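> Just dropping this structure here.
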Amino acid sequence: MFEFLNQPEVIKNIVIIGSMLLFFIGLFGLLTRKHIIKIFISIAIMETAIFLLFIGLTVKLDFIAPILDTAHTNVSNMNDPIPHAMVLTAIVIAMSVLALGVSFAIEYFKLTGKTNIDEMNEMRH
Amino acid sequence: MNRRKISIKRELPTATLSGFVLSALLILTILNILLQNMPHKIETAGDLLLKLNTTEGVANAVTTVVVYFRGFDTLGEISVLFIASMGIGLMLRSNTKCNIKSESNFMLQTASKILFPVILLFGTYVMIYGHLSPGGGFQGGVIIASGVLLLLISDKAFEVPHSVIVALETFAGVSYVLIGLIGLLVLDTFLGNFLPHDISQMGMLLSGGIIPLIYIIVGIKVGSEMSMIVQNLIKRSDDV
Amino acid sequence: MITYLGYVFIFWGTIAFLISAVGLIRMPDIYTRMHVGTKSTTMGIILVILGAICIEPSWALKLILLAIFILLTNPLSSSVIARASHKDGATLELDELKKVEK
Amino acid sequence: MTGFIILSTFIGLIIVSFAAIIQKKIADSIILFMGVGLGSVVLFYLFKAPDVALTEAVISAGISSLIFLMALKHLGEQK
Amino acid sequence: MFELVTILLLLSMMITLYRFLKGPTLADRVVAFDVMNIMGVSLLILLALYFQRSLYLDIALVFGLIGFLGTTIFGRYIEKGI
């Protein structure tokens, strides 16, 4: 059922268009929202889109995961392990950066009592 | 009723939105054309690494890439985590640590005491078996931190002592560098796999050489840092 | 033969999920939604795990462990939400006892 | 069948993330963001990357929601 | 048979998604998220059966063990506990 969706070109199109739409939704939120927690949420959505694009570009759906087994010892039909390792590193770093940004925002709110990004901008003048 | 006149241009930034959509479509089209014309079969670095992986005797290829071929990057990554944890501790530091506001219900208090050893055991499993199944040091560390989080939100007086965290982090960081230096002495490469590892025993626990050892160390470090981040976020007194 | 039995189990599990999803839409307030959600998902996931054990008997250890984990943690979260929504002041939509008191 | 699941998960992911952006209340926005995490776990799983799926599941289940909710507790809703 | 079961599961996930998107209060959304979590675990089990590898069950194990934490944190937030 729905066999035409399993072709590699169609999968690649779905991955590119879907993750780029997700990225632009995050960019829209980053540019138009005002509260600072929503800006952090938008950044997290953009990160998720980048990870999905990075993994999904190298996938071949008829190959298997890059883990050897007693039943799967053939290396030639395994997926590429390099993007997995890169994204594995990036997810943990993204989470720690998010926590650090949130703690900066909390401390800023304690000092000035502002959460709106426009009011934060007016501090410069 | 005096209805205020609404300018449609002020309410809807149509020019901005249409420019946004147009640029998105343009980028999508260009990216699509570029990626459709890629050559069908190219020899990537991953294929070479997969072939190398069979000589190392480790089942999970991602583990080999993270610990063995990119071990120095992993050291940098846990340093970044340590710096982030230190920054959060400096930012949210306050002299009066407050507890959580209200007592949780009896069911959560009982179940957290039952579930915490289970979560700890599962985190240790994910850590140690990282080279045979999906998992590894980062995931195991974050699972252990989740167990600490469960105790923190259910028990009113629970607190991880600061000296324990300091001791664990110091031990983990020093022993990671020491294992790397021993590999440098024995095999002339930083983090060389100096313990015996048979290819014929692939699939057993001890077939990974130093990789389970490295993952236990990374798990201890990540778990203690994440626990400290969580505790600093929860126990901060909010007297503005 | 036992494979077909496993697929029958999984089919009834997904039917339980479907009933739960429809109940989440049809029910009027938070307590009844929580009732239909938690009761039906507990039965559904247990039926799916039972069917998977029938299809692949060699995976039984991991699947039974998964069932134990879910049976340990699922009532916990639902009880926490029930207590929270009671403290938040949620009321029943169709309260039959109110008519009796009048 | 795999392609169909990938397509439907992407559609659900885009709907949920757009709803997370345009919510009025921030607590609603945070719970919708957790839905984004769940969908991306299923997608990583379908892309044959179980390590990445495990990491994303662990982080988006507990720690991420705690960070956002603690920020919301200290900062409060928009005035 | 596998296609029928998967399509039924995806259909029920979509119906739950409606409550997840619409729900008037926060607690409704949290209940819908809990149900979707369990549905996701069963989808992962079905896909592990489809791919014929038991390694994929580890992710379902993680979801079964610590997937309830998000719901618990939100519950404690609604009752203003933490």
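The values are calculated or read from the model by the stated rules, or taken from the named source; none is laboratory data. Everything numeric here is computed off the predicted structure, so don't read it as measured data. Every residue, glycine among them, receives a Cβ derived from its backbone with ideal geometry; neighbour counts consider all protein chains shown.
> What is the residue count in segment C:43-91 for residues that are at the interface with chain E (Cβ under 8 Å from one of its Cβ atoms) and more than 15 Å from the chain's Cα centre (by Cα)?
16
> Checking the condition surrounded by fewer than 24 Cβ atoms within 10 Å (Cβ to Cβ), over 18 Å from D:Leu66 (Cβ atoms) and either of a type outside the set (Asp, Glu) or within 7 Å of another protein chain (Cβ to nearest Cβ) (or both), which residue from E:Gly64, E:Gly23 passes?
E:Gly23
> Would you check if there is a residue in segment C:21-35 being surrounded by fewer than 17 Cβ atoms within 10 Å (Cβ to Cβ), basic (Lys, Arg), touching a helix residue (DSSP H, G or I) at 6+ places or on another chain (Cβ under 9 Å) and facing chain E (nearest Cβ under 7 Å)?
Within segment C:21-35 (the criterion being surrounded by fewer than 17 Cβ atoms within 10 Å (Cβ to Cβ), basic (Lys, Arg), touching a helix residue (DSSP H, G or I) at 6+ places or on another chain (Cβ under 9 Å) and facing chain E (nearest Cβ under 7 Å)), the answer is no, since none of the residues qualifies.
> Only residues that are within 8 Å of chain B (Cβ to nearest Cβ) and over 24 Å from B:Ser85 (Cα atoms): list them for segment A:84-125, please.
Result: A:His84, A:Gly113.
> Which one of these is out of contact with any Leu (no Cβ under 9 Å at 6 or more places or on another chain) and among the hydrophobic types (A, V, I, L, M, F, W, C): A:Ala71, A:Ala65?
Values: A:Ala65 fails: out of contact with any Leu (no Cβ under 9 Å at 6 or more places or on another chain).
It is A:Ala71.
Conditions tested, residue by residue: (1) without any contact (Cβ under 8 Å) to a residue 24 or more places away in the chain; (2) closer than 25 Å to D:Lys48 by Cα; (3) buried (at least 20 other Cβ atoms within 10 Å of the Cβ); (4) at the interface with another protein chain (Cβ under 7 Å from one of its Cβ atoms).
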{"residue": "E:Glu3", "(1), (2), (3), (4)": "yes, yes, no, yes"}
{"residue": "E:Arg19", "(1), (2), (3), (4)": "yes, no, yes, yes"}
{"residue": "E:Ala27", "(1), (2), (3), (4)": "no, no, yes, yes"}
{"residue": "E:Gln52", "(1), (2), (3), (4)": "yes, yes, no, no"}
{"residue": "E:Leu57", "(1), (2), (3), (4)": "yes, yes, yes, yes"}
{"residue": "E:Ala60", "(1), (2), (3), (4)": "yes, yes, yes, yes"}
{"residue": "E:Gly70", "(1), (2), (3), (4)": "no, no, yes, yes"}
{"residue": "E:Tyr77", "(1), (2), (3), (4)": "yes, no, yes, yes"}
{"residue": "E:Gly81", "(1), (2), (3), (4)": "yes, no, yes, yes"}
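> Does at least one position in segment A:101-114 carry a residue that is touching a Lys or Arg at 6+ places or on another chain (Cβ under 9 Å), over 26 Å from A:Lys34 (Cα atoms) and modelled with pLDDT of 80 or more?
Checked segment A:101-114: no residue is touching a Lys or Arg at 6+ places or on another chain (Cβ under 9 Å), over 26 Å from A:Lys34 (Cα atoms) and modelled with pLDDT of 80 or more.
> Which count do you get for residues in segment B:61-95 that are under 15 Å from A:Leu88 (Cβ atoms), at the interface with chain A (Cβ under 7 Å from one of its Cβ atoms) and surrounded by 18 or more Cβ atoms within 10 Å (Cβ to Cβ)?
7
> Something else now. Would you mind telling me which numbered condition in (1) free of Cβ contacts under 8 Å to residues at least 24 places away in the same chain; (2) buried (at least 19 other Cβ atoms within 10 Å of the Cβ); (3) of a type outside the set (A, V, I, L, M) A:Gly56 fails?
A:Gly56 satisfies all of (1) free of Cβ contacts under 8 Å to residues at least 24 places away in the same chain; (2) buried (at least 19 other Cβ atoms within 10 Å of the Cβ); (3) of a type outside the set (A, V, I, L, M) except (1).
Matching residues to (1) in contact with a helix residue (DSSP H, G or I) (Cβ under 9 Å, 6 or more places away or on another chain); (2) assigned by TED's automatic domain parsing to the domain that holds B:Ile229; (3) of a type in the set (A, V, I, L, M, F, W, C):
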site	(1), (2), (3)
B:Asp155	yes, yes, no
B:Phe158	yes, yes, yes
B:Ala172	yes, yes, yes
B:Ser175	yes, yes, no
B:Leu178	no, yes, yes
B:Leu184	no, yes, yes
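> Looking at (1) among the acidic types (Asp, Glu); (2) surrounded by fewer than 19 Cβ atoms within 10 Å (Cβ to Cβ); (3) farther than 19 Å from E:Asp34 by Cβ, can you tell me which one D:Asp51 breaks?
Unmet for D:Asp51, out of (1) among the acidic types (Asp, Glu); (2) surrounded by fewer than 19 Cβ atoms within 10 Å (Cβ to Cβ); (3) farther than 19 Å from E:Asp34 by Cβ: (2).
> Of the conditions (1) more than 7 Å from chain C (Cβ to nearest Cβ); (2) at negative phi, E:Ile45 satisfies every one except a single condition; which number is it?
The failed condition is (1).
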